[in-house]
Amino acid sequence: MNGTYDGEDSCFNQWQAGIGGLKGGSIRPTASRSASSWASAARRTCRPYARAWNTALRRLRTSPPLESAFERIWPPKQVSSEAKMKQFAEDEARGHHASCIAPIGADDNPQAVLDSNFKVHGVDGLRVVSASIFPKIPGFYVVLGIYMASKKATDVIFAEAQVA
């Protein structure tokens, strides 16, 4: 999640602390609940990654023809114990996207974080275009929905720029 080896994530820590007055990165409570449950699910999901990495590294170390054929780069060598590998997997695994935490909707919709122009309700100059905008995950291959949303956002931004 964060590119560090020690498990610290300054962005996530700021998100949890509500730095700037936006608890969970949103002025709406829905995003905080959804992202929080996503984070705990992501931690549980990382266990299989850690086991797989440990198994692969153990097999490489104990296979005589391979033990000196490769230089270990990732995970870093300081990630040596099972606990460190679990933490590394938790920090680095990229299997899930926190989607549906900032859905688009009207100002009077308590679940909505964004308006139809991808602008965050109550925040000037901030737009969101990612899987977080969907009220529900749009099928298995979510990137297609993101491509369509980004095309729509591009059209909206260009149209607003031409008016200004």
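Summary of computed values
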{"quantity": "Whole-angstrom Cα spans of the stretch 97-164 along principal axes, big to small", "calculated": "38, 26, 15"}
{"quantity": "Inter-label distance for LEU126 and GLU82, nm, one decimal - labels placed 7 Å from Cα along Cα-to-Cβ", "calculated": "4.2 nm"}
{"quantity": "Listed residue (PHE134, GLY122, ALA161) projecting farthest to the positive dipole end of the stretch 97-164, Cβ model", "calculated": "PHE134"}
{"quantity": "Amide H within-cut-off set for LEU114, under 5 Å, with H built and near neighbours excluded", "calculated": "ILE104, GLY105, HIS121"}
{"quantity": "Nonlocal amide H pairs with CYS100, under 5 Å, H built at 1.01 Å", "calculated": "SER132, ILE133, PHE134"}
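Read-outs: derived from the displayed coordinates by stated rules, not from any lab. Keep in mind that what you see is a predicted model, and the values were worked out from it rather than measured. Cβ atoms come from the backbone with ideal geometry, glycine included; neighbour counts cover every protein chain shown.
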